[in-house]
Every structure is written in C-alpha cells, then in structure tokens.
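S.K.: The structure follows.
Each reported figure results from applying straightforward, stated rules to the coordinates on display, with no laboratory input. Model, not experiment: these values are computed from the prediction. Note that we place each Cβ from the backbone using ideal geometry, even for glycine, and neighbour counts take in every protein chain shown.
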Amino acid sequence: MDANVINPFIHATSNVLETMAFVSCQAGTPYLKRDDRATGDVTGIIGLTGETNGTIAVTFDEGSILRVVSNMFGEEITELSHEVSDAVGEIINMISGQARREMEEHGRIFHSSIPSVVSGRGHAITHYSDGPKIAIPFTTDGGGFTIEVCLEY
Amino acid sequence: MSTSLKILVVDDFATMRRIMKNILKQLGYTNITEADDGTTALEELKRGSFDLIISDWNMPKMTGLDLLKVVRSDPDYKDIPFLMVTAEAQKQNVIEAVQAGVSNYVVKPFTAEAIADKLGKIIG
C-alpha cells in the first residue's frame, strides 16, 4: 500500500482533532498489523466502498480520548461512557469524510457507511476486507491513538 | 444579528448536537431544539415555528437531504433557512444540496468562526 493511500487518513486525522478538539498530534511510523487486538480502549470503525472496499478504524487510549472529548465539549470528561463512544463515532465519521475529499481530488471516489464503536480493554477490531492492515500510531499530550487502514489493494 | 431566533439542530450524533449547541450559545443563540434525525425533525417542525434549521446529512431513517426536500416542498416550512452541516462534501453532494434548495453548507470539521460566518450569510 503506497503513501498516497495512507496520507489522506493522516492529514484528515490531524485536521479533525486540531479543528474540533484543539489537540495537536504527531504521526509515528506506519507498520503492518498482524492481529485483530485493539491497541486502544475505545475504537471507531467505518466501512468504505468505491474504488476498492475496506474499513478504517481509530482506536484511542483512555487518556487521549478523554482529553479529546473534554476539549470538544468544553468540560472535563473523566471516564469512558456512552457520550465518549458517541464522540468516537463522530470522529471516525469526520476522518472518513475529510480523507475521502482529499482522495476525490485525485479522482478516487469512495463512499462510507454508518460508523460503529467498540470499547473495552483488549477488544478486537474486525476489518471487513482481506487487504493488509496498515497501522499509524499517533501521540498527543493526553496519550496515544492509532489509525488502522485496511483496503483491498 | 438577532439572537432570539428559534433554531432546530438535527444530527443523529449527540456529540455533534452538543458541539453545535455550545457554538450557538457562544454566538448568543439560546432558543435551540434538538432532533436526532429527519423524521423527528419533522415532528418538531409540526410542534412549533422555527427560524433556522441546522442539519447533518447522513442520518438513519431520514437523511438531511430528504429533510431538506420535504421542507422546501411544504408551504409552511419552505422559507426556513437551512444550513447543511456534514462530512459529505464531495462535488456531487454539494450539487444535490444546492439543487434541493439548501441555504448554505458547512463541512466537518468546522470552527465556531465558520458557523458564525455561514449564519451571517444566511440570516444576516
């Protein structure tokens, strides 16, 4: 999978979190993920169809998502809850939308499904395609999170 | 800009309704009603007159675009300014919304300044 596939998701993630939550994040080195175990405590996942099919996911450490959601809401959120899960669904929705806009500029059209959210330590992330799972770790002041991109290329 | 406007905020994600309400309150708008999709928005429209609708696009049961089409075809609601707020900004989406009579369009993620700017253009 080349950088042209990964970069829109990196750009979108940084922009969504900086714009909606005023959180700066730094992308680490992408790697090929071999298992289904989530590295984070709460995960948003969304399906993509179009030029090819697949899923993208974002999985947050508790510390990072509490910082993000607290900033989004303008009030301190101290524990994982239904409202945090709802926010993660909206975050992956926005990441998907922004990344698809960037890809459309290069003539690559994708559509997305309604997102779903899974939480709990050590939960599984199920990607609905057989493509390689590319993970991109990010760091923030509040903790880490990881984007997973799995497309049938 | 009048802050007494009655505003209907439509989004299936409570998070986005909360963020939008916070921004609207920062801008001085406090008369806000929420709906979690197009069908519940129509129920709210029947209950009372609104000065502005701010709606998401992708929602279960009835999308924002379908809600817009119903609003524009109903003589009681057709003149209500309609701001679409959505992650969908691919060219075809914009064309569809314009053809359906959207007043303006905000793409997620957005800032409070972007919402203020769009409201200024819609309701002056």
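S.K.: Could you sort the peptides A:56-69, A:27-40, B:47-60 by per-residue average Cβ neighbour count (10 Å cutoff), highest mean leading?
M.R.: Ranking, from highest mean packing down: A:56-69, B:47-60, A:27-40.
S.K.: For the ranges B:25-34, B:79-88, A:109-118, A:10-19, what's the packing order if you count other beta-carbon atoms within 10 Å of each residue, average per peptide, and put the highest first?
M.R.: B:79-88, A:10-19, A:109-118, B:25-34
S.K.: When the convex hull of the Cα atoms of the stretch A:45-153 is projected onto a plane and the area is averaged over all directions, what value comes out in nm²?
M.R.: 7.1 nm²
S.K.: Given the C-alpha centroids of the stretch B:41-63 and the stretch A:131-153, what is the distance between them in whole angstrom?
M.R.: Centre-to-centre distance over Cα atoms comes out at 35 Å.
S.K.: Can you give me the angle between helix A:82-104 and the longest principal axis of chain A, using Cα atoms only, in degrees from 0 to 90, rounded to the nearest 10?
M.R.: For A:82-104 against chain A, the angle is about 30 degrees.
S.K.: Mind checking the angle between helix A:3-21 and chain A's longest principal axis? C-alpha axes, 0 to 90 degrees, to the nearest 10.
M.R.: 30 degrees
S.K.: What does the charge count around A:Gly143 come to, taking other residues whose C-beta lies under 13 Å from its C-beta (Lys +1, Arg +1, Asp -1, Glu -1)?
M.R.: -3
S.K.: Now, a different point. With the calculation restricted to Cα positions, what are the radius of gyration and Dmax of the protein assembly as shown in angstrom?
M.R.: Radius of gyration, then largest Cα-Cα span, for the protein assembly as shown: 18.8, 57 Å.
S.K.: Ranked from highest to lowest mean number of other Cβ atoms within 10 Å per residue, what is the order of the peptides A:88-97, B:105-114?
M.R.: Most protected by this proxy first, the peptides run A:88-97, B:105-114.
S.K.: Would you work out if chain B is rounded, prolate or oblate? Take a ≥ b ≥ c from the square roots of the eigenvalues of the alpha-carbon gyration tensor; rounded if a/c is under 1.5, else prolate when a/b is larger than b/c, oblate otherwise.
M.R.: Rounded, because the longest to shortest axis ratio a/c is under 1.5.
S.K.: Quantify how strongly other chains surround peptide A:87-97 by giving the mean number of their Cβ atoms within 10 Å of each of its Cβ atoms.
M.R.: 6
S.K.: Once the Cα atoms of helix A:62-73 and of chain A are each reduced to a long axis, what angle between those two axes, in degrees from 0 to 90 to the nearest 10, is obtained?
M.R.: 80 degrees
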